[in-house]
Amino acid sequence: MDLGQKGVFWFTDALTSTQLVELAQRTEELGYAALWYPEALGYESFSLGSFLLSRTDKLIVASGIANIYARDATATKQGQHTLAKLYRGRFSWGWGSPTFRWSKMLVAISIASLWQRCELT
């Protein structure tokens with residue numbers, strides 16, 4: 001995989017599906033090798049990658065960081081392998097975690113949500 005010398009990094013959470021397609025296709029038309037995006041609070045990383053890959057021909061699509069707390073290692077490897085194989089090696093990914101402070105907040109939100117669901121049953 002040749003990532004080239006220049007690529008585009010874009011925060012995609014606020015974009016509609018039409019805007020996402022425009023972004024990917026325009027990035028490809030302008031000759032950039034790759035489009036990178038982070039997994040933040042909106043789109044799931046591998047699903048978004050699949051969507052963008054299906055609408056381009058040669059653009060490398062890459063998750064900036066797929067959150068390690070959002071999926072286990074097996075599912076992550078399978079997702080990466082599936083997209084790379086189905087789209088001729090055009091999917092790349094980074095795997096990491098948010099900052100410690102951010103992680104603590106997400107854990108607190110998850111625990112509060114779980115507690116609320118338990119109270120409702």
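None of the figures in this text is laboratory data; all of them are computed from the coordinates on show. Predicted, not measured: the structure shown is a model, and the values here were computed from it. Because the Cβ atoms are built from the backbone with ideal geometry, glycine has one as well, and the counts that use them run over all protein chains shown.
Mind checking which aspartates and glutamates have their Cα closer than 20 Å to the Cα of K6? Skip sequence neighbours fewer than 8 apart in that chain.
Hits, sequence-local ones excluded: E22, E28, E29, D57.
Give the residue from I65, L30, Q19 lying farthest towards the positive end of the charge dipole for region 13-82; charges sit on Cβ (+1 for Lys and Arg, -1 for Asp and Glu) and the dipole is referred to the Cα centre.
I65
What distance in nm separates the simple spin-label points at L30 and A70, each placed 7 Å from Cα in the Cβ direction?
Spacing of the two 7 Å Cα→Cβ label points: 2.4 nm.
If we count every other residue with Cβ under 13 angstrom of D13's Cβ, Lys/Arg +1 and Asp/Glu -1, where does the sum land?
-2
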